[in-house]
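One structure is given below, encoded as structure tokens.
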Protein chains: 2
Amino acid sequence: MMKKKSSYNVAVVGATGAVGQKMIQLLEERDFPVQQLKLLASSRSKGTVLQFKGAEVIVEEATPESFEGIDIALFSAGGKTSKQLAPHAVKSGAVVIDNSNGFRMDSNVPLVVPEVNIEDIQQHQGIIANPNCSTIQMVTALKPLYDRYGIERIIVSTYQAVSGAGYQAIQELKKQTEEVLKGEEVTKKILPVSSLPIKKQIAFNAIPQIDIFEENGFTLEEMKMVRETKKIFHDPQIQVTATCVRIPVVYGHSESVYVELKQDYNLAEVLNLLKEAPGIVVVDDPANQEYPLAIDAAGKLDVYVGRIRKDLNHPRALNMWIVSDNLLKGAAWNAVQIAEELIKNAQ
Amino acid sequence: MMKKKSSYNVAVVGATGAVGQKMIQLLEERDFPVQQLKLLASSRSKGTVLQFKGAEVIVEEATPESFEGIDIALFSAGGKTSKQLAPHAVKSGAVVIDNSNGFRMDSNVPLVVPEVNIEDIQQHQGIIANPNCSTIQMVTALKPLYDRYGIERIIVSTYQAVSGAGYQAIQELKKQTEEVLKGEEVTKKILPVSSLPIKKQIAFNAIPQIDIFEENGFTLEEMKMVRETKKIFHDPQIQVTATCVRIPVVYGHSESVYVELKQDYNLAEVLNLLKEAPGIVVVDDPANQEYPLAIDAAGKLDVYVGRIRKDLNHPRALNMWIVSDNLLKGAAWNAVQIAEELIKNAQ
């Protein structure tokens, strides 16, 4: 349990990154009770000057000593940095909300989506993990169906934005797009996986690889959706099959989701459950060509759901199209939501 | 049965369209035995001069009288034109190979993908239908699995190129992309469905609507995949669920396909069956980041298959990524393949 204060010292690790920037923006927009904001990054970004509530904040290099006096540390600087520094932050007395893959599957680290399993934050031992972007929006949309009918299996194909791979991937998409339009040779440096040797063109293309491949032929991104969904719902029985694909979109992941429920359902009831659920906006009016779109979800906090229809074959199955801003609900907003819950429960 | 000749009079209806152009190009590249090539289009394109084997051919307006002396008429000018003119072409003695949706589900019109059901062309009564692009590449890739194991159900999500909506859609994607890069307002005129009032931005977006919506909440494009797959395999029991999505790609449809077989299978055997099957190229080497990509399939005749992996949950299911050029195997090449078979069987 966090100690109640009128305001809190907050650190953002990875402050200059695509997600870190959104975290800072949200702390300001949500008027989070910040006493002191400490912006941390790698030595490369040390000295960068950022704005927070009209004041300038100079980015410092993140070190094991950076967390003295910090109450809440929002990490989004990759798994390696989290593994290295989060334990120091915890030792210094901070609660870490980690957006990396570093601790998500640790049994003593809660993996939290507030709309789904907020109660799990009470079990934290210093670190709370933020799930993967593609998992967050899917489980948020499925939660009301899970509670009402139970879920037997999920088959999902994703249409993921390049911003999920960071600023450099956004720049790469724009540069490659200009090169293609000019008929120039395409420069490939970042995608699909910056740490891997082989690069692929994302401009005017679809790349069926996000993150490295595992032995079973699935990518790590696909297995994150499988493992994280089971953990978040506390239900190892949920069957998940994922195909994760990067497409030439800047902000907003879209997902084609087939879900088999444990009971028969009524489509009108499903629509009502989704409409009444927190964090979900139903955009579903075929007659008026209304359905969620990545460009509409960009910059918004909610998860948008549409194309909701009964499966043609399986009586307990339905299909839906789930869209959300991968940097917001898929990352920064989910983390700040957790921070807001933490201080709400502080005593 | 077609009468054997040393060369044939061929008409292309919709000669100035994206598919018509590819048909003409393929007749030349394949050295199809053309006696006379008649290029037909709407009055709008009348007089356009096109090249065929170094000679100039002037496009004429397609009328009921256009087909006198024509042996083979390749139609790709939309369902309305086909409905209107194909019967006249047949009356004039031509065999019509129709790329539109006009006759595909007619019980007396064979719906043919040469790699799957070429034998059906013998039942033709003047018209042979070319299936929808997204169906063709899927059934071509699934044929060897269908023959060996049987197929119970298919759950497919597509990543479709704008060229499937014609030249104007290609121009729209390029124009919108330039507008977005320049920060200008985006011009929306064609997509998602030119005949519908509401338009959506395709640049840096994913649109989950291709063609009009049906009562059941599925789009016509999605239902084409359902109905055509059953007809091509002569198997009304195959369960198909489709979600069809347009993405900012110019040429080449990609498909994320989950397939449940009727029998247990061996993954190595599946790979061999696919490698040995006609019209299929397996590109599947995760260790070297090799998988099919739309930009690689563009301009090629084959269907590319990769990301082939055992489903994590269902013992009889597997997942695959199927990519092909929607204007070639998905349209023009499939039609010319049928024409080649017709003259091969001529007597």
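Couple of notes before you dig in:
- Relative contact order (%) - criterion: Cα under 8 Å, at least six apart; region: segment B:276-324: 36 percent
- In sequence order, segment A:8-13 has phi-based couplings of 10, 7, 10, 10, 10, 9 Hz under the Karplus curve 6.51 cos²θ - 1.76 cosθ + 1.60, θ = phi - 60°, and Gly or Pro positions carry x.
- For the pair A and B, the buried accessible area comes to roughly 5100 Å² in total, with a 1.4 Å probe and the value rounded to the nearest 100.
- Projecting 7 Å from Cα along the Cα-to-Cβ direction, the label point of B:GLN347 sits 9.1 nm from its equivalents in the other copies, listed shortest first.
- Under 11 Å, Cβ to Cβ, from A:TYR159 - net charge with Lys/Arg +1 and Asp/Glu -1: +1
- Shown for chain A are the DSSP H helices of 15 Å or more along their axis, judged by Cα atoms, with a mean Kyte-Doolittle hydropathy of at least -0.5: A:18-29, A:133-149, A:333-344.
- Segment B:135-326: relative contact order in percent, alpha carbon pairs under 8 Å with at least 6 residues between: 27 percent
- Shortest-first nm distances, B:GLU65 label point to equivalent points in other copies (7 Å, Cα→Cβ): 9.6
- For A:ILE151, distant residues with modelled amide H under 5 Å away: A:LYS262
- Distance from the alpha carbon centroid of segment B:194-252 to that of segment B:101-165 works out to 15 angstrom.
- Across segment A:197-207, computed HN-Hα scalar couplings (Karplus, 6.51 cos²θ - 1.76 cosθ + 1.60, θ = phi - 60°) run x, 8, 10, 10, 6, 9, 4, 6, 8, 10, 10 Hz from first to last residue, x flagging Gly and Pro.
- Separation of alpha-carbon centers, segment B:299-331 and segment A:35-89, rounded to whole Å: 45 Å
- Each of B:GLU184 and A:LYS83 was given a label point 7 Å from its Cα along the Cα-to-Cβ line. The distance between the two points is 4.9 nm.
- Distances between copies of A:ASP285, taken at a point 7 Å out from Cα along the Cα→Cβ vector and listed shortest first: 5.2 nm.
- Among chain B residues, the beta-carbon with the smallest distance to the axis carrying B onto A is reported, with distance in whole Å, as B:SER157, 2.
- DSSP beta bridge pairing in chain A, given as percent antiparallel to the nearest 5: 50 percent
- Sequence-distant aspartates and glutamates (8 or more away, or on other chains) whose Cα lies within less than 16 Å of A:LYS22: A:ASP31, A:ASP98, A:ASP302, A:ASP325, A:GLU340
- Segment B:LYS53..B:GLU290, full-extension length gain: 81.6 nm, with 0.36 nm per residue of separation and the alpha-carbon distance subtracted.
- Computed from the C-beta positions of A:GLN168 and A:LYS91 and an R0 of 25 Å, the FRET efficiency is 0.20 to the nearest 0.05.
- The residues of segment A:57-165 present an accessible area of 32 Å² per residue when probed at 1.4 Å with all protein chains retained.
- Rounded to the nearest Hz, the phi-derived 3J(HN,Hα) couplings of segment B:241-253 under the Karplus curve 6.51 cos²θ - 1.76 cosθ + 1.60 (θ = phi - 60°) are 10, 10, 10, 9, 10, 8, 10, x, 10, 8, 10, x, 8, where x marks glycine and proline.
- Annotation note: chymotrypsin sites (Phe, Trp or Tyr not before Pro) in segment A:1-78 located in DSSP loop regions with a Cβ neighbour count of at most 16 within 10 Å are absent.
- Distance in nm between pseudo-label sites at B:SER194 and A:ALA346 (7 Å out along the Cβ direction from Cα): 6.1 nm
- Dipole moment magnitude, nearest 20 debye, chain B about Cα centre, only Lys, Arg, Asp, Glu C-beta charged: 480 debye
- Summarising the amide proton neighbourhood of A:VAL303: residues at separation of 5 or more, or on other chains, whose placed amide H is nearer than 5 Å comprise A:ILE280, A:VAL281.
- Cross-link partners for B:LYS5 among the lysines, with Cα-Cα distance under 18 Å and sequence neighbours closer than 8 places in the same chain left out: B:LYS38, B:LYS344.
- 13 Å beta-carbon shell around A:LYS262, net charge (K/R +1, D/E -1): -2
- Computed [θ] at 222 nm, deg cm²/dmol, the protein assembly as shown (DSSP H ≥ 4; -39,500 (n - 2.57); rounded to nearest 500): -9000 deg cm²/dmol
- Within segment A:135-326, percent of DSSP bridges classed antiparallel, to nearest 5: 75 percent
- Over chain B, relative contact order from alpha-carbon pairs under 8 Å, at least 6 apart, %: 19 percent
- Between A:ALA141, A:ILE247, A:LEU173, the Cα set farthest toward the positive side of the dipole of chain A (charges on each charged residue's Cβ, about the Cα centre) is that of A:LEU173.
- Residues whose placed amide H lies under 5 Å from that of A:ARG30, excluding near-sequence neighbours: none
- When exposed loop sites are taken as GluC sites (Glu not before Pro) in a DSSP loop with at most 16 other Cβ atoms within 10 Å, the longest stretch of chain A clear of them is A:216-347.
The values are calculated or read from the model by the stated rules, or taken from the named source; none is laboratory data. Every value quoted in this text rests on a predicted model; they were computed, and no experiment measured them. Cβ sites come from the backbone with ideal geometry, for glycine too, and all protein chains shown count toward neighbours. The accessibility values were calculated without ligands, DNA or RNA, using every heavy atom of the protein model including side chains. Shrake-Rupley method; radii C 1.70, N 1.55, O 1.52, S 1.80 Å.
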